[in-house]
1. Working from the alpha-carbon coordinates of chain B, get Rg over Rh, Rh being the Kirkwood radius.
2. Helix-only mean residue ellipticity at 222 nm, the protein assembly as shown, DSSP H runs n ≥ 4 weighted -39,500 (n - 2.57), per residue, nearest 500. What is it?
3. Using a 10 angstrom cutoff on alpha carbons, build the Gaussian network for chain A and name the most mobile of A:Arg46, A:Arg70, A:Arg35.
4. Average partner chain C-beta neighbours within 10 Å, per residue of B:240-250?
5. Take the alpha-carbon centre of the range B:171-218, take the same for the range B:20-62, and report the distance between them in whole Å.
6. Using the alpha-carbon atoms, what tilt in degrees (0 to 90, nearest 10) does helix B:98-109 show relative to the longest principal axis of chain B?
7. Report the GluC sites (Glu not before Pro) located in the range B:303-334 that are in a DSSP loop and have at most 15 other Cβ atoms inside 10 Å of their Cβ, or state none.
8. Given contacts defined as C-alpha pairs under 8 Å and at least six residues apart, what's the relative contact order of the range B:102-249, whole-number percent?
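What follows is calculated from the coordinates using simple rules that are stated; it is not laboratory data. What you are looking at is a predicted structure, and each value in this text was computed from that prediction instead of being measured. When we count neighbours, we look across all protein chains shown, and the Cβ atoms used for this are built from the backbone with ideal geometry, even at glycine.
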Amino acid sequence: MNYYILLLPSVHDVMKAEKILLNAGVNLNVIATPREISHNCGVVIRFELSNLNEVFSLLSELPAEKKIFRKTNENMYQEVIKE
Amino acid sequence: MIYLDNAATSYPKPQSVIKAVADCLQSYCANPGRSGHRLAIEAARRVFEVRETVAEFFNVKDSCNVIFTSNATMAINCAFAAILEDGDNVVVSSMEHNAVMRPLRYLEKEGKITLSFIKSESNGIIKGDITKIIQPSTRIVVINHASNVNGVVQDIAKITANVKEYNPSVAVLIDASQTAGVLPINIQSIGCDFLAFTGHKALYGPQGIGGLIINTTEPLKPFIMGGTGSKSESQYQPEFLPDKYESGTLNLPGIVGLGLGIEYVKPGMEKIHAEEMKHIEKLIECLSGIKGITTYWSNSFEHQTGVISFSHELISCSEIGQRLNDEYSICVRVGLHCAPLAHETIGSYPDGTVRVSVGAFTKDSDIDAFCKAIERIAKV
């Protein structure tokens, strides 16, 4: 299954992003950070491929540094957007 | 039992707070933000929600500037650790609690800082221009929003504006231990750099939770360092908020309780304060009519919280407190209330006072019972 991962610096940023995206009706899951993209012990947001532009636009005013990865195959993550 | 010691900690707590804390302990008390499992995520979500609630309550622009601490004392210590450097001068009001005085006196004794004191009226109210005592080396001005001894409220917006007009680089720290949940506090309109609050007094949360609100973009030093759940690959403290200033496992049940406490007090704050002032008016009336009693308060209901003090010329405050407890089951606090400086200012040092402090759950009949009791005790 292919999907995107949104990596943010802090758990606080993840919770803030989750609230913004859920309020806009974006289908997402908060999951443990995959070791392949970061060694932090926190969480990231997983969302579907069709939502990329919407997520990007909804979070444009979130000041935190955002990194989005596309999961292509099992354990293969490709960074697509870095701010 | 009649509880009139709300300035120490509010009691009882609202049922909504009790239920929320119990539910947290029972249902989702995992480590917030430290794991990816559902309970840890739910815990992190609750912390975020309460951080947003606190931010909205004090009108903080971004909730990442709300730093949870264990109480106001820790928040005040943290603010000093964040900003003070050797050679700095600190200006304090004459009504400060030992939460402010002890860390500052320690630094002064170590030769690291100097202290200057703002003069006030005999009831503790600051009047006039305070900038006369600000020196080129002054780094921070500390103002106690309302005294835990006599309930005197300072005009913190005016004092902060006074300081900032004189020198915008001098920081202002407000100790809101006695006012958060009593009076509206809008940090944007006040313009202070730091606000320390506690959750267990007029915010009706449990003990062990408080916070420091950071309202400055000036570079600050981290004051407690350790695990944050973020940047785990690095042995250095993260630079982003709230993680820069918040390490170690958070007090999740306390945070949840604080959130529900704010929800409880927020809609009725004005009404609760008005009721408390009615109780204070009645207490003043009763105490002023008793021979030998001196009352300590602001002498104006506009500058007053639900806290007053009194002393008797012949009976010690400890004896009055003991008799209220033993003979009438009335709980008050006697002595110096961890604020010797404030007692010096109002003229009740070193003997101290009997402090009566009301809260949202104080009833008219509690005040009537107290008045009857003190009338009997004071008959020497």
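1. A ratio of 0.98.
2. Working: 13 runs with 159 residues, N = 463.
After summing the helix terms and dividing by the residues of the protein assembly as shown, the value is -10500 deg cm²/dmol.
3. Comparing A:Arg46, A:Arg70, A:Arg35 in the GNM, the peak value goes to A:Arg35.
4. Values: counts 8, 5, 3, 6, 1, 0, 2, 0, 0, 0, 0.
Mean number of neighbouring Cβ atoms from other chains: 2.
5. Comparing the Cα centres of the range B:171-218 and the range B:20-62, I get a distance of 19 Å.
6. 70
7. B:Glu313
8. 14
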